[in-house]
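Notes follow the structure.
The values are calculated or read from the model by the stated rules, or taken from the named source; none is laboratory data. The structure presented is a predicted model; accordingly, all values stated were derived computationally and were not measured. Methodologically, a virtual Cβ is constructed for each residue, glycine included, from the backbone with ideal geometry; neighbour enumeration extends over all protein chains shown. Ligands, DNA and RNA are stripped out before the accessible areas are found, and what is left, the full protein with its side chains, is counted by its heavy atoms. Shrake-Rupley method; radii C 1.70, N 1.55, O 1.52, S 1.80 Å.
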Amino acid sequence: MSTIALFGAAGAIGQSIAAALSAQGRPYRVVGRSEAALRKAFGGDPLAEIVTWDPDVPDSVRAAARGVKTLIYLVGVNYWQFELHPQLMRKTLAGALAERVEQFLLIGTVYPYGRPRSTPVREDQPREQHTFKGRMRKEQEDVLMAAAAQGQIKAAVLRLPDFYGPGVDKSFLDGAFQAAAHGGTADMIGPIDRPHEFVFVPDVGPVVAKLIDTPAAYGRVWHFAGAGATTQRELLQEIERQSGRPIKTRIAGKTLLRVVGLFKPMLREMVEMHYLVTDPVIMDDAALQQLIGPLRKTPYREGVRLTLQAAQPAAS
């Protein structure tokens, strides 16, 4: 029976973690609302146990967590519903505690930090969030780590920067990859010349697989940084170079986001997070490297190649 469960598994990060566990021959449980989405992503892996849940129903949460030793939490919400993050964490944690789950890893973001005090940012930077989304993510973390501090569960947070890779459609770079593969214009959030970092999604799974098996990992926050600081423009140029076609771009700054956001809720919600483009959080993951050893980070050139390859239309 699988003793590792991925809650909110159907996204790109969940699939990366599942692939790493499967490569080790380890059974795992994938938990989500949609059985169809879970079967599409994991139905071909005999090591995957597919379980649906309703986080608003306590018995459903408990059933999804039953028999689990390690819970990896990836539950997402709509970008305009961030108030749900701490609510869903409380509901999931309650079910996990009732089922005596021993270990709980939250895959987090840089949002709780707010604007960086220094570059790179270490795990001990104070969380001085100035946005609603940052406050909700901080509260989500606090709910979990309070339970850990009280000895109810072993818990940790792994914070990731922005990410990209095959099948990732919620990325600053997705428009450029799609334009390179299918034509059209790439919508991007600017300015695109500021330093930024991205983690290649397939690199995340092996790190998580190792982290959950490391006793010293629990009780604190860790960073897994990208493959170095770059810029969106540099990656755009690399996508153009590898695809062999120039890419038309439509770059939206904060003002344009406000205007277009009157009609598109997703873009409206990005206005308060625009500081991540102008004042980026570049992460220091030396502590994680010291804990689990060298971290595999796919170079951007290779990551671009693999992502472009996946974005190409299937041959008829």
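Below 12 Å, Cα to Cα, which aspartates and glutamates can LYS69 reach? Residues fewer than 8 away in the same chain don't count. List returned: GLU99, GLU102, ASP213. Would you work out if the range 38-109 is rounded, prolate or oblate? Take a ≥ b ≥ c from the square roots of the eigenvalues of the alpha-carbon gyration tensor; rounded if a/c is under 1.5, else prolate when a/b is larger than b/c, oblate otherwise. Because a/c hits 1.5 or more and a/b fails to exceed b/c, the range 38-109 counts as oblate. One chain, two ends: SER118 and LYS264. Fully extended at 0.36 nm per residue, the span grows by 49.2 nm beyond their Cα-Cα distance. Under 5 Å between amide hydrogens, built in the peptide plane, is the criterion, and for ASP45 it picks out nothing among residues at least 5 positions away or on other chains.
Treating each Cα of the chain as one equal point scatterer and applying the Debye formula with no solvent, the log10 of I(q)/I(0) at q = 0.10, 0.15 Å⁻¹ comes out as -0.57, -1.33. Rounded to the nearest percent, how much of the accessible area of the chain (1.4 Å probe, protein heavy atoms only) is carbon and sulfur? Using a 1.4 Å probe with all protein chains present, the chain comes out at 51 percent carbon and sulfur. The spacing between the range 256-303 and the range 90-135, judged by their C-alpha centroids, is 15 Å. Multiplying the residue separation of LYS69 and THR230 by 0.36 nm and subtracting their alpha-carbon distance yields 54.1 nm. Here each label is just a point 7 Å from Cα along the line to Cβ, and for GLU272 and THR3 those points are 4.1 nm apart.
Surface exposure of the chain, expressed per residue as accessible area with a 1.4 Å probe, stands at 45 Å². Of all aspartates and glutamates in the structure, the ones whose alpha carbon falls short of 17 Å from that of LYS138, not counting any fewer than 8 places away in one chain, are GLU83, GLU123, ASP124, GLU128, GLU272.
Annotation: amide H of THR249 within the under-5 Å range of ALA186, sequence separation 5 or more or interchain, hydrogens built in the peptide plane. Straight Cα distances below 25 angstrom link LYS133 to the lysines LYS91, LYS170, LYS254, LYS264, with same-chain residues fewer than 8 positions distant left out. Could you state the angle between the C-alpha long axis of helix 300-311 and the longest principal axis of the C-alpha atoms of the chain, as a value from 0 to 90 degrees rounded to the nearest 10? The angle comes out at about 90 degrees. The GLU128 and LEU97 beta-carbon pair, evaluated with R₀ = 25 Å, returns a calculated FRET efficiency of approximately 0.25. Here the simple spin-label model places points 7 Å from the Cα toward Cβ, and for LEU295 and THR52 these points are separated by 3.7 nm. Once the range 1-158 is represented by equal point scatterers at the alpha-carbon sites, with solvent omitted, what log10 I(q)/I(0) does the Debye formula produce at q = 0.12, 0.14, 0.20 Å⁻¹? Values, matching the q order: -0.52, -0.70, -1.29.
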